[in-house]
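Peer 1: Please find one structure pasted underneath; my questions will follow.
The values are calculated or read from the model by the stated rules, or taken from the named source; none is laboratory data. Worth saying up front: this structure is predicted, and the values here are computed from it rather than measured. Ideal geometry is used to build each Cβ from the backbone, glycine not excepted, and the neighbour counts take in all protein chains shown. The area values use the complete protein model at the heavy-atom level, side chains included, leaving out ligands, DNA and RNA. Shrake-Rupley method; radii C 1.70, N 1.55, O 1.52, S 1.80 Å.
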Amino acid sequence: MTLEESREVIPMMESMINQIEEQQNLMAEMVQELQEKDRQLLSFQEQNQSLQILNSELSGLLNLLPDTEELLSQIEQQKNRIEQLETENQQWQELTQKLNNENSLLLKQSRELLTLNSR
């Protein structure tokens, strides 16, 4: 190779070396980005696994609770029982009032009899 040909080839080789270095730098950046994305993906996978565990635990807890229809049915039954007890209570109060009235009348009659007896 002549000196003149070397002068032409050397700048081309330097240019090629610079391009190769740039490509290597770009590749290194891409590798770093991929490693960061891998770390993020691993973090997301761990979070997803934790969320799945929590979801499973919540589902288990929800299964322990009675369903809405069952609760409504129980509330309705309790409401009916309360109404029945209130009705019975009212009847007992009325009966008590009648007995008190009868008792007062008997007491009055007993006093009158005692008064008549003592004469």
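Peer 1: Within segment 64-81, can you find the residues that are open to solvent by 90 Å² or more (accessible area, probe 1.4 Å) and not charged (D, E, K, R)?
Peer 2: L64, L65, T68, L72, I75, Q77, Q78
Peer 1: I want to confirm something. Restricting to segment 54-63 and keeping residues that are surrounded by 10 or more Cβ atoms within 10 Å (Cβ to Cβ) and of a type in the set (A, V, I, L, M), which single residue is modelled with the highest pLDDT?
Peer 2: In this case the residue turns out to be L54.
Peer 1: Sort out which residues of segment 6-25 are open to solvent by 100 Å² or more (accessible area, probe 1.4 Å) and hydrophobic (A, V, I, L, M, F, W, C), and write them in order of number.
Peer 2: Here is the first cut: in segment 6-25, the ones open to solvent by 100 Å² or more (accessible area, probe 1.4 Å) are 7-8, 12-14, 16, 19, 22-24.
Correct list: M12, M13, M16.
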